[in-house]
Amino acid sequence: MSVSDAGDIHVVVHGQQAYRGKQGLDYTPGISATSVGSRALWLGAVTIPPGGRTKAHVHEQHESAFYLVSGEEVELWIGNALEHRHLAHPGDYLYIPPGIPHVAVNRTPVPAFFVGARTDPSEQESVVMTPNLDGLVP
């Protein structure tokens with residue numbers, strides 16, 4: 001890209017239409033292959049409702065990172081058997097390496113709002129569901 005091409009670049013992207021992800025939550029994309037032609041990045045938002053959770057899943061070749069903007073507390077269960085439980089609070093960052101099963105749970109009465117990024121510009125293409133692990137998270 002040259003400076004003269006800057007007029008054709010999306011530098012401000014308005015929030016896109018939310019969609020229900022395979023993981024069971026509603027995602028609002030901002031930066032993606034669809035919105036700006038991104039080749040290696042998805043950036044958007046997701047809310048885990050009170051008492052909500054994701055379904056167990058893996059992003060086989062993509063890293064994910066989330067920032068917990070608001071809420072109370074979210075559990076992140078991670079590992080091949082979802083054996084590791086971590087607690088996140090507003091102001092915390094979550095990192096999920098590629099190929100690691102995970103589940104996020106909000107047991108509080110307050111919605112948990114995240115801004116997240118993934119190294120998959122199409123976001124849902126890299127999601128592999130692992131329903132055999134869902135019962136491992138209480």
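Filtering Asp5, Asp26 for residues that are charged (D, E, K, R), open to solvent by 40 Å² or more (accessible area, probe 1.4 Å), at pLDDT below 95 and touching a Phe, Trp or Tyr at 6+ places or on another chain (Cβ under 8 Å) leaves a single hit, Asp26. Only one of (1) without any contact (Cβ under 8 Å) to a residue 12 or more places away in the chain; (2) of a type in the set (Gly, Ala, Ser); (3) crowded, with 17+ Cβ neighbours inside 10 Å fails for Gly116. Which number is that? Just one mismatch for Gly116, condition (1). More than 19 Å from Val13 (Cβ to Cβ) and in contact with a helix residue (DSSP H, G or I) (Cβ under 9 Å, 6 or more places away or on another chain) - does that describe any residue in the stretch 26-47? Among the residues of the stretch 26-47, not one is more than 19 Å from Val13 (Cβ to Cβ) and in contact with a helix residue (DSSP H, G or I) (Cβ under 9 Å, 6 or more places away or on another chain), which makes the answer no. Residues considered: Tyr95, Tyr67. Of these, the only one that is in contact with a strand residue (DSSP E or B) (Cβ under 6 Å, 6 or more places away or on another chain), under 23 Å from Ala33 (Cβ atoms), touching a residue at least 40 places away in the same chain (Cβ under 8 Å) and open to solvent by 40 Å² or more (accessible area, probe 1.4 Å) is Tyr67.
Does the stretch 44-60 contain any residue that is modelled with pLDDT under 95 and open to solvent by 60 Å² or more (accessible area, probe 1.4 Å)? Yes, the conditions are met somewhere in the stretch 44-60.
Among the residues of the stretch 74-89, what is the count of those that are surrounded by fewer than 19 Cβ atoms within 10 Å (Cβ to Cβ) and either on the phi > 0 side of the Ramachandran plot or basic (Lys, Arg) (or both)? Result for the stretch 74-89: 2.
The values are calculated or read from the model by the stated rules, or taken from the named source; none is laboratory data. Nothing here was measured: the structure is a model prediction, and the numbers come from that model. Neighbour counts are summed over all protein chains in view; Cβ atoms, including those assigned to glycine, are modelled from backbone coordinates with ideal geometry. In case anyone asks, the SASA skips ligands and DNA or RNA and just uses the protein heavy atoms, side chains included. Shrake-Rupley method; radii C 1.70, N 1.55, O 1.52, S 1.80 Å.
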